[in-house]
Structure formats: C-alpha cells, structure tokens
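Novice: After the structure tokens below, expect a handful of questions from me.
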Amino acid sequence: MVNSANAILKEYKEKLPLFHEQEKILKQELTAAFEKAGLHVAAIESRVKSYESLEGKLRLKGSKYHSLADITDIMGVRVITYYVDDVDRVASLVERLFTVDWENSVDKRKLLEIDSFGYLSLHYICSTPSFPYRFEVQMRTLLQHAWANMDHDTGYKSGVEIPSRYLRSMSRMAGLLELVDEEFSKIHVELADYRRRVQALVASGNLSDVPLDGDSFRSYLELKPFDALNKRIAKMNQAEIQEVPLGQYLTVFKGLGFQNLGDIADLVKEYSEAAFQIACYQIGLTDLDIIASSLGPQDLCIAYVLKKGGGRVGLKYFFDLLNGQSESNASIADMLMEQAADLPFMNQ
Amino acid sequence: MEAKILENNAVITVELIGRLDTAAAQEVSEKLLPLQEKADRTIVLDCSQLNYISSSGLRIFLALRKASAVKGGKVIVKSINDDIRTVFMMTGFLNLFEIEA
C-alpha cells in the first residue's frame, strides 16, 4: 500500500504542471459558458491539491486508491452564485460542458434530513476528453459559501466535541441563511417578472399603466423619448448632441408629481414646442455647437413649471431637484423668469 | 489663456485663467489630456478666474467627465461665474458636474 501511495505521489509531482494548465483552461471554459448564457456568478475559484494535502489523504484513506486517476479532487473548481436557482443553472451548464460521473457526484442539498440544517452544496465529479484525470466542480450560493467557511472556521466538523448549545446555534444559523437565500431568490424571480411586465407595457405603448420607478424609467429611456426634441434643438445651431445618462431625471419627474410613464409621455407631447422656444431663445443666437442629451428633458421641465405657474419658486425647486440644493439655483430661476416674459408660449 | 495643474495626493486642481475660447481650447485640451489617465482621482476645475467658455471648452470639460466616469473618479467644477453657469444651463451641462461655490 505504501508503494502505491508513493507511486501516486510520484505521478502527482510529474503531472502537477498539467493540472495547473488544465485548471486555467477549466476556469476559462466556465467563464465563457456563463457569459454566453448571460449568467452572472459571484466567483469562480479553483485550486490544485497541495502535495501535503494529498500525502495526508493517502495516509488516512490510502487503501482506497491505486493510482492518481482514482483520486477525484486533485483539481477542484468552485462556482459561487448569487441565487439558489443559479446553482441549478450552473449545474446544467457544467453537465453540457463536461461528462459527469454521477456515481461519485453528490447533491448535498438533498442529503440533509428534513429537520436539520447545515452544509448545502452540489458537487460534481467531472471529466473531459482532453484531460486524463477527473476533477471536482462544487456549486453553491454566496450564503452557502459563507456558511461553509464559518462552519470550517469554528471547527464544527473537526471531530473535536463541541457543546450541543453551540451546535444548535450553528444549526440555527444555517437555517436562517437557507431562509435568506430562498427569499433573495424569490425577490430576484419576482423582480425579473416585474421587469418583463414593465417592458411589455412600455413596448405596447400602455404607458399610463406603468408606475414611474427605476426599472420602468430605464425601459422608457430605451425608447429615446427626448430624441426628437434634442435633434430639433441641435439642428438650430448645427450642434452635436452628447449622450449623457438621464437617470437623475427620475427624481426630478417624481419630485414634479409625475406618477407614471404616461405623465412623461404627455409632457413630451404637450410641452415640446414650449421647450423648443426656450432653447431657441437661449442658444439660437449663440455659436454654441454642442448640447447634452439632458437639454431636452431640462427644457421640458422648465416649460412645464412656467406654464403651470410655478414661477421663480417652482423653477428653483426644479433645479434643486436636478442639481442639489444651492443658492445659485435661485439666480438661474431669476434669469429664467426674466426670459419667460419674452417667450411666445407664456404670452398665449 | 492659462491652465495650471496642481497635484496633491488624491486631488488634482486645474486653475483655468482667462478665456477658454476656440483658439485657446486646443492648447488647454493637450495640456489636460494626461489627466484623463488620472481620472480615478478627484479633479477640481477651478474656474474662479475663467471668464468665458466656448463649445470647445465644454468639450474639454466633458472629456474629463467621461474619463472620470470610466475610472471611478469625479470632476468638480469650482467657482464658475454667472455667465459660465448660464452657458452650462443652456446646453444641458449643468447637472453633469458637481458644482462648488
């Protein structure tokens, strides 16, 4: 038996560079597969068993192994996902990429009794035609990973007797993490459903049915609702339009009392002419040949406040929403109030 | 037109002095180009002595802002006068920068 252990260790030393090379290839293959599937994982970790660890394993269980190929965890990859459901998605991709040795693979999620909590993870023993040795792929969520590390750190499985109250605490914590994991997953699924529904409503044009929030606003911006106005303004001075993020207009529109996407669509429809008049007045006689894509929504909001009779206070409030509270917003409001007197839409 | 760059640990201050018009913009742009590589830091554009900005000047500011968005830094525009603030507002640039008194 000592001879076979020595032979295994010798083979290990010879093949170590091959394992390291394959470790890199595996990580690359998994990363590419996840990317292609649009699956975002928290981490992909890998390691090749150290000589000392292998020596220890052979000392303890040497009789089980006759050659290096009998040992399935010389090389291991661990995929850590954000969500419980993603563990199964990862598993399905791993099944497609490699040949799974089902006899030696373990779904630890199914091993626990219904009334116990603890280590949950999916372990596959895999092989691939281009590499003569089997390897292990572990799949678990971030919280399962946290549990496994804590568990290891506390020496829970070290064989040293631990008072039952600590074991109970550990078990309670495992249960809590399992619950949190499932709740995160549930929220993730529900959010994805909500986003799909919002996207469908936005695409179908039922904008008044879509409440104004971060997700719906993002979907709405994909329709480029301010493009026509920006282009009309830019054309006046042959200006280029610099695309800039418009996310902060969500706070502005909400602050102005808009409830749904239909309210913004109405703003664009009813106030574009007035917004164009503001832009004409301000930059029509200048040689400014660059505007930001935020100019359209900005001038729409100015037109809206002015037409609604918000006056100086309303304008300052709008710029406070947009730029943060500042006294300089008051001087901009003053200037706009002076200009407003000359704007055709204010005199209709 | 003058652009003085003062580096102090995490903050780079650029003092802009004079008129940032089309004629001056190219020289200033070339001088500030290396800052795009350092845009993971805070870049303060001190405009207390800047009395005019043209479209070309706005493009320089915007280039720095884009670089800082990519690299995780920030651009602060400090002490702009009312005329320049108006130009920022008229072009939709006002909310693109953190503006300090």
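The values are calculated or read from the model by the stated rules, or taken from the named source; none is laboratory data. All values reported here derive from a predicted model rather than from experimental measurement. Note that each Cβ is placed from the backbone with ideal geometry, even for glycine, and that neighbours are counted across all protein chains shown. Quick note on the areas: whole protein, heavy atoms, side chains included, nothing else; ligands and nucleic acids left out. Shrake-Rupley method; radii C 1.70, N 1.55, O 1.52, S 1.80 Å.
Novice: With within 8 Å of chain B (Cβ to nearest Cβ) and part of a helix (DSSP H, G or I) as the only criterion, which of A:Ile291, A:Ile332, A:Ile302 stands out?
Specialist: A:Ile332
Novice: When only residues in region A:30-57 that are within 21 Å of the chain's Cα centre (by Cα) and assigned to a helix (DSSP H, G or I) count, which is surrounded by the most Cβ atoms within 10 Å (Cβ to Cβ)?
Specialist: Among residues in region A:30-57 that are within 21 Å of the chain's Cα centre (by Cα) and assigned to a helix (DSSP H, G or I), the one surrounded by the most Cβ atoms within 10 Å (Cβ to Cβ) is A:Leu30.
Novice: Is there any pair with a first residue in region B:21-32 that is under 18 Å from B:Gln49 (Cα atoms) and a second that is of a type in the set (Val, Ile, Thr) whose Cβ atoms are under 7 Å apart and which are 6 or more apart or on different chains, and what are they?
Specialist: Correct list of pairs: B:Ala25/B:Ile60; B:Val28/B:Ile60; B:Ser29/B:Ile60; B:Leu32/B:Val14; B:Leu32/B:Ile60.
Novice: Can you pull out the strands (runs of 3 or more DSSP E) entirely within region B:22-100 that have at least 2 residues that are within 19 Å of B:Lys4 (Cβ to Cβ)?
Specialist: Answer list for region B:22-100: B:42-53, B:74-78.
Novice: Which count do you get for residues in region A:58-93 that are crowded, with 18+ Cβ neighbours inside 10 Å, free of Cβ contacts under 8 Å to residues at least 60 places away in the same chain and more than 32 Å from the chain's Cα centre (by Cα)?
Specialist: So the count comes out to 1.
Novice: So, one more: Which residues, counting only those in region A:308-324, are of a type in the set (Gly, Ala, Ser) and either touching a helix residue (DSSP H, G or I) at 6+ places or on another chain (Cβ under 6 Å) or in a helix (DSSP H, G or I) (or both)?
Specialist: Hits for region A:308-324 are A:Gly311, A:Gly314.
Novice: A further question follows. Return the pair list, or none, for Cβ contacts closer than 6 Å from residues in region A:9-21 that are within 13 Å of A:Lys49 (Cα to Cα) and open to solvent by less than 70 Å² (accessible area, probe 1.4 Å) to residues that are part of a helix (DSSP H, G or I) and at pLDDT below 95, at least 6 apart or on different chains.
Specialist: Correct list of pairs: A:Tyr12/A:Leu54; A:Tyr12/A:Leu68.
Novice: Is region A:94-101 home to any residue that is open to solvent by 40 Å² or more (accessible area, probe 1.4 Å), part of a strand (DSSP E or B) and of a type in the set (S, T, N, Q)?
Specialist: Checked against the condition, which is being open to solvent by 40 Å² or more (accessible area, probe 1.4 Å), part of a strand (DSSP E or B) and of a type in the set (S, T, N, Q), region A:94-101 yields at least one hit.
Novice: For region B:37-66: of the residues being among the charged types (D, E, K, R) and under 11 Å from the mean Cα position of the chain (by Cα), which is farthest from the other protein chains (Cβ to nearest Cβ)? Let's see the steps before the verdict.
Specialist: Our first condition is that a residue be among the charged types (D, E, K, R); within region B:37-66, this holds for B:37-38, B:40-41, B:46, B:59, B:65-66.
Keeping just the survivors that are under 11 Å from the mean Cα position of the chain (by Cα) gives B:46, B:59, B:65.
Numbers: B:Asp46: 16, B:Arg59: 6, B:Arg65: 9 Å.
The selected residue is B:Asp46.
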